Structures are given as C-alpha cells and as structure tokens.
1. Would you grab the residues whose amide H sits under 5 Å from the one on Arg37? Only those 5+ places off in sequence or on another chain, please, with H modelled 1.01 Å from N.
2. Pop out the ³J(HN,Hα) list for the range 286-293 in order, Karplus 6.51 cos²θ - 1.76 cosθ + 1.60 with θ = phi - 60°, rounded to Hz; leave Gly and Pro as x.
3. Which chymotrypsin sites (Phe, Trp or Tyr not before Pro) from the range 250-301 combine a DSSP loop assignment with at most 14 other Cβ atoms within 10 Å?
4. Explain nothing, just compute: Karplus ³J(HN,Hα) = 6.51 cos²θ - 1.76 cosθ + 1.60, θ = phi - 60°, for every residue of the range 63-75 in order, whole Hz, x for Gly and Pro.
5. Keeping the other protein chains in place, figure out the carbon and sulfur percent of the accessible area of the chain, with a 1.4 Å probe.
6. Taking θ as phi - 60°, what are the ³J(HN,Hα) couplings along the range 83-93 by the Karplus curve (6.51, -1.76, 1.60), each to the nearest whole Hz, with x for Gly and Pro?
7. With runs of 4+ DSSP H residues as the only contributors, calculate the mean residue ellipticity of the chain at 222 nm using -39,500 (n - 2.57) per run, divided by the residue total and rounded to the nearest 500.
8. Compare the peptides 167-173, 195-201 by average per-residue count of other Cβ atoms within 10 angstrom and give them in order, highest first.
Amino acid sequence: MSEDSNPLKAIQDRIFSVSTLTDIEPSLLELIVQPERILEVSVCLKRDSSELVIYKGWRVHHDTSRGPGKGGIRYHLAATVDSITALATEMSLKTALVDIPFGGAKGGIACDPNQLSEHELERLTRRYAMDIYPMIGTYRDVPAPDVNTNEKVMAWFADTIWAFNKENTTSVITGKPLALGGVLGHQGATSLGVMITIKNLMAKFNQTLAGKKIIIQGFGKVGGPLSFLLHSAGAKIVAISDVSGAIHNRFGIDIPALSLFVKNGGVLSEFRQADKIPEKQFWTLETDLIVPAALENAIDAEIAQNISSKFLVEAANGPVTEAADQVLKENKVLVVPDILSNAGGVISSSFEWAQDRQGYMWNAKKVTDRLADKMSQSFEEMWARSQTSKISLRQAALVIAVERLAQAHLYRGIFP
Ligand code: NAD
C-alpha cells in the first residue's frame with residue numbers, strides 16, 4: 001500500500017499540513033479532523049430472482065458545526081468506510097471554503113449498480129434510506145447525488161423519508177427532479193462551476209480559452225457537460241477518457257458528435273473520429289490544461305512526473321495523490337484544488353435547500369448568476385490568500401476552510 005493510498009489518511013494529513021499556516025490550537029485542529037459520527041449499515045436487497053444480497057453502506061457526518069451535514073450518496077464497489085469518511089471531510093472543507101451554511105457529510109453503498117435492474121436499484125435505495133433515516137433531516141443532514149446516483153435515486157430516497165416522516169419536506173434532500181422541488185440547472189451546476197473556475201484562472205494570466213488544448217478524464221455528469229462548455233468556448237479537447245479507455249484527436253474532438261454517440265449507446269473508446277490511445281499516453285499529451293473528472297487518486301506521482309500541462313483543475317474529488325501533488329509543485333504545474341473548483345454542485349444544492357425552505361422557486365438566471373458570484377468570490381479569496389501568504393492554491397483553500405471551521409467551533413464552545 002503506497003503512502004497515501006488511504007484516502008482518509010491523505011485528507012487528514014493535508015489538513016494537518018497547514019497547521020503551521022494558522023493560529024489554530026493543535027487540539028482544535030484534531031477535533032476538526034475527526035469525523036463526528038459514522039453509521040454503518042447492512043443494506044438488504046431481495047433481488048428479482050428472490051436471492052437475498054447484503055451490501056455494506058454508510059452515512060458519515062464529518063462536521064456539522066457550521067450547519068447541517070451536506071454530501072452525496074455514492075454507489076460504487078470501491079466504497080469503503082474510509083473513502084466515504086474522506087469524502088465527508090472534503091465536504092466540510094468545501095462548504096466552509098465557499099461559505100454556505102452547511103457542514104460535511106457523505107454516504108454510499110459498496111455495490112455495482114450496473115448489475116442491478118431498475119426495480120432492484122429502487123428497493124436498494126429505499127432500504128438504504130430507511131437504514132440511515134436517523135441521520136437525515138432538513139436541519140441534520142441533507143444528501144445529494146454523487147457517483148452512480150442521480151435525480152431518480154434522490155426521488156426514491158425523498159419519497160421514503162417522506163413516508164416515514166408523514167410530511168413532504170422537500171428540503172430533506174437536494175438534486176431532486178424539478179417536479180419534486182429541484183433547482184433549475186442542478187445537473188450542470190458542478191460543470192458550470194468548474195468552467196467558471198477555469199475562466200477565472202485564465203483571466204489571472206490574461207488568457208482566454210480560445211484554442212487552448214485540454215484533456216479531460218471522465219465523461220460522466222461532470223466531465224460530459226464540462227467538455228461541452230469548454231468546446232463551446234473555443235477550447236480544443238484533444239483527449240478524453242472514461243472507464244472504457246482514452247481517445248485522442250490533435251485537432252480537437254468533436255464534443256457534440258461524441259455526446260450524441262455516447263447518448264445513443266456508443267462506447268466512448270470506440271468513437272471513430274478519434275484514435276484510441278493507452279491510458280499512459282493520455283496523461284503525457286502536450287496540453288495547456290488537464291481536468292481529472294472521474295474518481296479519486298487518478299493521478300499518482302508517476303503520472304504526475306509526465307504531465308506537461310501548465311494548469312491542472314481538479315473537477316473530481318481528490319484526483320491527485322499527496323505524492324503527485326508534490327511532483328506537480330516541483331514541476332510548476334498550477335493546481336486548482338477540488339474543494340474550490342467542483343463546488344458548483346454543492347452551491348446549487350444550497351440554493352435548492354433555500355428555495356425549498358422558502359417555498360419559492362428561483363428562475364434560471366438568478367440561479368446561474370448567484371452560482372457564478374459564489375464561485376468567483378471564493379476563487380478570489382483563495383487566490384488572494386495564496387498571493388499574500390506565498391502558499392499554493394490548495395494550501396490557501398485549506399487554510400480558509402479550516403479557519404472557518406475553527407471559528408464555528410470556538411463560538412459554539414464545547415458542550416457540556
Ligand atoms: P459519473 O459516475 O457520472 O462519471 C464518472 C466518469 O468517470 C464516467 O465517465 C466513468 O466512465 C469515468 N471513469 C470511471 N473510472 C474511470 C477510470 N478508471 N478511468 C477513466 N475514467 C473513469 O460521476 P460524476 O458525477 O461525473 O463525478 C465525477 C467526479 O466528480 C467524482 O470524483 C465525484 O465525486 C466528483 N463530483 C461530482 C459532482 C457532481 O455534481 N456530480 C460534484 C462534485 C464532485
């Protein structure tokens with residue numbers, strides 16, 4: 001096991017690593033690092049064949065000092081208690097950094113949803129919702145979609161909670177369909193946030209996206225719409241990869257054609273208007289910008305060593321290992337950290353929560369304008385802190401987030 005292959009240890013080490021950049025007492029930092037509570041459940045599913053299967057599932061509250069827990073629900077075979085707790089920790093940092101009234105939480109089931117029928121997926125979701133019910137509530141913990149979950153899963157989850165509560169509290173979960181109190185533009189909010197971040201980054205160097213060569217790992221809910229936005233802004237997506245493999249076209253991939261191909265059931269790596277390339281080659285391509293938008297730990301030290309790009313914007317959660325981060329720093333690759341760049345989704349979730357509690361839906365312009373304001377304001381704060389303290393953007397983002405968490409703990413005091 002490599003030094004930072006445990007995601008929980010990696011994020012905790014990262015938090016401890018900024019201790020010398022703040023005045024926070026070591027004991028308080030220790031309190032901030034530890035998760036508040038972890039619920040592990042055995043999620044029982046009766047398959048369509050009547051076979052009984054039991055999956056491990058979790059819901060973790062990392063820190064709720066600034067507001068209710070907030071974080072997605074992930075269905076993935078690689079989910080473990082440590083990976084979910086690491087992601088919950090990231091959520092506490094993210095909500096603090098972009099200053100929305102939430103804490104950090106995360107949940108998931110260690111399963112492969114692609115092996116389940118739609119009815120099985122619904123039963124699994126409802127059972128899981130029932131299992132973690134004591135953790136959930138408008139002012140306790142408000143879940144959202146993550147890898148392999150979507151608005152349909154959120155609707156089943158919400159319906160189950162409402163059945164138990166005997167009341168229809170739409171604000172108990174976000175990422176819902178519009179018909180159930182969802183927010184306009186939620187599905188593209190993370191990608192839009194990443195796009196705004198990339199534009200803000202380019203502006204710092206008096207550059208625009210026109211003609212920029214970009215590679216993106218992941219063509220899912222984040223990577224898909226993001227590649228479309230970048231393509232529309234005149235950038236050249238020269239390579240893109242997903243779980244099926246990587247493809248390359250040095251003149252730029254026709255993203256609308258690729259989207260249509262995949263939407264119609266095509267496998268990304270078989271897209272004819274680009275060449276299939278090995279994953280190793282994918283990372284070494286000469287580009288201006290790299291955007292990992294798939295899973296955590298995608299870029300290790302070996303991959304990082306061969307990255308020639310000037311910029312790397314983390315769209316996925318935790319895509320760069322600690323060792324890789326050091327290599328990128330030495331090689332002068334400027335990294336924009338995940339807790340800033342992919343915060344568009346949770347910001348949009350906070351709007352959905354606010355709307356649902358208000359009982360008044362905002363129009364698309366209001367949602368987009370406020371999202372852009374929040375993203376840009378947070379970017380500027382991170383940038384300024386990085387400049388004044390002469391630290392990396394990741395360190396600056398962490399310091400701001402950890403200081404906000406510390407402040408909340410100090411004001412609340414220790415009960416009793
Ligand atoms: P998704 O399941 O919709 O898409 C994941 C993509 O990654 C797919 O294209 C998949 O094929 C690809 N992938 C998986 N394994 C791969 C591999 N080994 N090599 C290359 N590609 C691989 O998930 P998503 O919602 O797009 O999330 C992607 C990342 O962004 C995750 O880290 C997630 O936690 C993070 N994130 C998502 C949101 C959101 O709103 N969806 C918000 C914040 C952060």
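The values are calculated or read from the model by the stated rules, or taken from the named source; none is laboratory data. In this text, all values refer to a predicted model and were calculated from it rather than measured experimentally. Please note: Cβ atoms are built from the backbone with ideal geometry, for glycine as well, and neighbour counts cover all protein chains shown. Ligands, DNA and RNA are stripped out before the accessible areas are found, and what is left, the full protein with its side chains, is counted by its heavy atoms. Shrake-Rupley method; radii C 1.70, N 1.55, O 1.52, S 1.80 Å.
1. Under 5 Å from the amide H of Arg37: His61.
2. Rounded to whole hertz, the list is 6, 9, 8, 9, 10, 10, x, 9.
3. Phe251
4. Karplus values, whole Hz, x for Gly and Pro: 8, 10, 6, 9, x, x, x, 9, x, x, 10, 10, 10.
5. On the way: 9600 of 18000 Å².
That share works out to 53 percent.
6. Once θ is set to phi - 60°, the couplings for the range 83-93 become 5, 5, 5, 4, 5, 5, 4, 4, 5, 4, 5 Hz.
7. Rounded to the nearest 500, it is -14000 deg cm²/dmol.
8. 195-201, 167-173
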